[in-house]
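Colleague: Mind looking over this structure? Questions follow.
The values are calculated or read from the model by the stated rules, or taken from the named source; none is laboratory data. Note that this is a predicted model, so its numbers are computed, not measured. Counting neighbours? That spans all protein chains shown, and the Cβs are built from the backbone with ideal geometry, glycine included. To get the accessible areas, we keep the full protein, side chains included, count just its heavy atoms, and leave off ligands, DNA and RNA. Shrake-Rupley method; radii C 1.70, N 1.55, O 1.52, S 1.80 Å.
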Amino acid sequence: MKKSTKFAHIGRPEIKAGASVNPSVMRASTLLFDKADDLYNGKHRIYGRHGSPVHDALKQAFCALENGAGCTLTPSGLSANSLSILANVKAGDHILVSDSSYGPIRNFCDTLLAKFGVETEYYLPNIGGDISGLIRKNTACILLESPGSLSLEIQDLPAIVKAARAHNVVTIVDNTWSAGLVYAPLDLGADISVHSATKYFGGHGDLLFGAVISRTKQLARLVEKAAMALGNSTSPDDAYQVLRGFRTLVTRCAQQEQTALALAKWFAKHDKIKRVIHPALTSHPDHELWKRDFTGSACLFSIVLRPCDEAQVLALLDRLKLFAKGFSFGGFESLVIHCDPQLTRSHDPKFGGPLIRIACGLEDIEDMKNDWGQALEMLKIKESA
Ligand SMILES: Cc1ncc(COP(=O)(O)O)c(C=O)c1O
C-alpha cells in the first residue's frame with residue numbers, strides 16, 4: 001500500500017454508527033481503576049505520562065512511516081535527538097556526531113553530555129566508510145543528519161552503518177529533512193531514525209513535537225525506558241495535531257518538493273547567486289549519493305550569495321514579502337534565514353559567500369520567483385566578487 005493511502009487510514013477508530021473520523025483526545029493525568037489490583041498488575045497503562053489512545057495511534061503511524069519496530073514520542077525534535085543519544089551512552093563513552101548537525105544538538109553534546117563524562121567528536125559529513133578510523137573501543141553511537149539542515153551534505157549511510165556494525169556501534173539518523181517520505185534510514189541499516197515532527201507533521205508552525213523510531217524492539221524498549229526515567233511526556237492535543245498532519249503529509253510534501261526544486265533551478269540561473277545547494281541538482285557534490293539512497297527531495301535547500309556585506313544580506317531578506325524570517329521548515333508558510341551567524345563547525349565548509357537557507361511553503365512558485373526577483377534586484381555585490 002502506498003504511503004498516501006496508509007496515512008489516510010492509519011490509527012483511525014473502527015467505522016461504526018456515529019464513529020468519529022479521527023481518534024478522540026483523552027485528556028488525563030490520573031487514570032482511574034475500580035480494582036486495586038489493576039494499579040500494580042502490569043496489565044494497564046497506569047498514568048497519563050505513559051500516553052493515551054491518540055498517542056498509540058500516532059506511534060503506529062511513525063512506525064509505518066519508517067518500517068520501525070517501536071516509537072517513542074517526545075516534546076520536541078531536539079529532545080528526540082538528545083533522548084536517542086542518552087539512551088545509548090554511559091559515563092566514559094565517546095560518540096561521533098556529524099559536523100553538519102543541527103546546532104542545538106551540538107550544544108547538548110558539548111555541555112550536558114560532556115558534564116556527564118561523554119566525549120563528542122565531530123566528523124566531516126563526507127567521511128563515508130573512513131569513519132571506522134574514528135571509532136574507538138568506547139564509541140557508543142554515531143549521530144548523522146543527512147542532509148545537514150543548513151548546508152545539505154548527504155552522507156554515505158550504508159558505508160557508515162557497515163563500519164558501525166563491525167564495532168557494535170549504534171547509528172542514529174536525524175531524518176527530519178525528508179519527512180521519512182524520500183529517505184528510509186532504517187531500511188538502509190540505521191538503528192534509530194529521529195524526527196522533529198514540529199516541521200512537516202505539525203505542518204502549520206504552531207506546535208513542537210518529536211519522534212524516535214527504532215529498528216528493533218530491543219532498541220525501542222531501551223529508548224522508552226530512558227524516556228520514562230527522564231519524565232518525557234507529550235500532550236494529547238499535540239499528538240492529535242501531529243496525527244492530523246499525517247493525513248495530508250504526502251500531498252503537501254510533494255508540492256513543496258516540486259516548488260523547492262523549481263525555485264532552486266531558477267536561482268541557479270541568477271547572476272547574483274554563487275551556488276545553489278540542493279541535492280537533486282547535478283551540481284551538488286553529493287548528488288550521486290542522493291540519487292542512490294533517496295527517492296526525492298524536500299522543501300528545504302540553501303543558496304550562497306556572491307560575496308556582499310552583512311548589511312546587504314539583511315536588507316535582501318527584509319525586502320522579501322512572502323518569506324518571513326524564521327527558524328523552521330516544513331510548514332505551509334515559506335521561511336528564510338541567513339545561516340552565517342549560527343554556523344558552528346569544527347571543520348570549515350568554506351562556502352565563499354553568505355549562506356541563506358530557504359524553506360518553501362505552499363505558496364505559488366511564480367509568486368515566490370517574483371518575490372526573490374524584486375529582492376535580489378537591489379542586492380549590491382562586492383566589485384571584486
Ligand atoms: C534537522 C533538525 N533536527 C532537529 C530539530 C529540532 O526540532 P525542534 O524544533 O522540534 O526541537 C530541527 C529544528 O530546526 C532540525 O532542523
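Colleague: For a quick check of your reading of the model, give me the residue pairs whose first member lies in the stretch 163-181 and is more than 11 Å from the ligand (Cβ to nearest atom), whose second is in a strand (DSSP E or B) and among the hydroxyl-bearing types (Ser, Thr, Tyr), with beta-carbon atoms closer than 6 Å and at least 6 apart or on different chains.
Modeller: Ala164/Thr171; Val169/Thr139
Colleague: Name the residue, out of Ala239, Ala264, Ala260, that is outside the structural domain of Gly361 (by TED's automatic domain parsing), touching a residue at least 24 places away in the same chain (Cβ under 8 Å) and crowded, with 19+ Cβ neighbours inside 10 Å. Working first, answer last.
Modeller: On the way: Ala264 fails: outside the structural domain of Gly361 (by TED's automatic domain parsing); Ala260 fails: outside the structural domain of Gly361 (by TED's automatic domain parsing).
Just one listed residue meets the conditions, Ala239.
Colleague: Evaluate the following for Ile160: is it within 16 Å of the ligand (Cβ to nearest atom) and not in a loop (DSSP other than H, G, I, E, B)?
Modeller: Details: within 16 Å of the ligand (Cβ to nearest atom): no; not in a loop (DSSP other than H, G, I, E, B): yes.
No; evaluated as a whole, the condition is false for this residue.
Colleague: Also, I was wondering about something else. Need the failing condition index for Thr234 against (1) open to solvent by 20 Å² or more (accessible area, probe 1.4 Å); (2) in contact with a Lys or Arg (Cβ under 6 Å, 6 or more places away or on another chain); (3) polar (S, T, N, Q), just the number.
Modeller: (2)
Colleague: Got at least one residue in the stretch 301-309 being touching a Ser or Thr at 6+ places or on another chain (Cβ under 9 Å) and open to solvent by 10 Å² or more (accessible area, probe 1.4 Å)? Don't jump to the end; show me each part of the working.
Modeller: Going residue by residue through the stretch 301-309, those that are touching a Ser or Thr at 6+ places or on another chain (Cβ under 9 Å) are 302, 307.
With open to solvent by 10 Å² or more (accessible area, probe 1.4 Å) added as a condition, the list becomes 307.
Checked the stretch 301-309: at least one residue is touching a Ser or Thr at 6+ places or on another chain (Cβ under 9 Å) and open to solvent by 10 Å² or more (accessible area, probe 1.4 Å).
Colleague: Is there a residue in the stretch 301-308 that is at pLDDT 95 or above and more than 24 Å from Phe327 (Cα to Cα)?
Modeller: Scanning the stretch 301-308, I find no residue that is at pLDDT 95 or above and more than 24 Å from Phe327 (Cα to Cα), so the answer is no.
Colleague: Could you please let me know if Phe329 is under 21 Å from the mean Cα position of the chain (by Cα), more than 16 Å from the ligand (Cβ to nearest atom) and open to solvent by less than 60 Å² (accessible area, probe 1.4 Å)?
Modeller: No, not satisfied.
Colleague: Taking the condition of being within 15 Å of the ligand (Cβ to nearest atom), hydroxyl-bearing (Ser, Thr, Tyr), open to solvent by less than 10 Å² (accessible area, probe 1.4 Å) and over 22 Å from His167 (Cα atoms), how many residues in the stretch 44-100 meet it?
Modeller: 3
Colleague: Could you tell me which of the residues Pro125, Pro147 is within 16 Å of the ligand (Cβ to nearest atom) and either open to solvent by 10 Å² or more (accessible area, probe 1.4 Å) or more than 27 Å from Leu300 (Cα to Cα) (or both)?
Modeller: Of Pro125, Pro147, the one residue that is within 16 Å of the ligand (Cβ to nearest atom) and either open to solvent by 10 Å² or more (accessible area, probe 1.4 Å) or more than 27 Å from Leu300 (Cα to Cα) (or both) is Pro125.
Colleague: Mind checking which pairs have a first residue in the stretch 198-210 that is more than 10 Å from the ligand (Cβ to nearest atom) and a second that is of a type in the set (D, E, K, R), Cβ under 8 Å, 6 or more apart or different chains?
Modeller: The qualifying pairs are Tyr200/Arg252; Gly203/Arg252; Gly205/Glu333.
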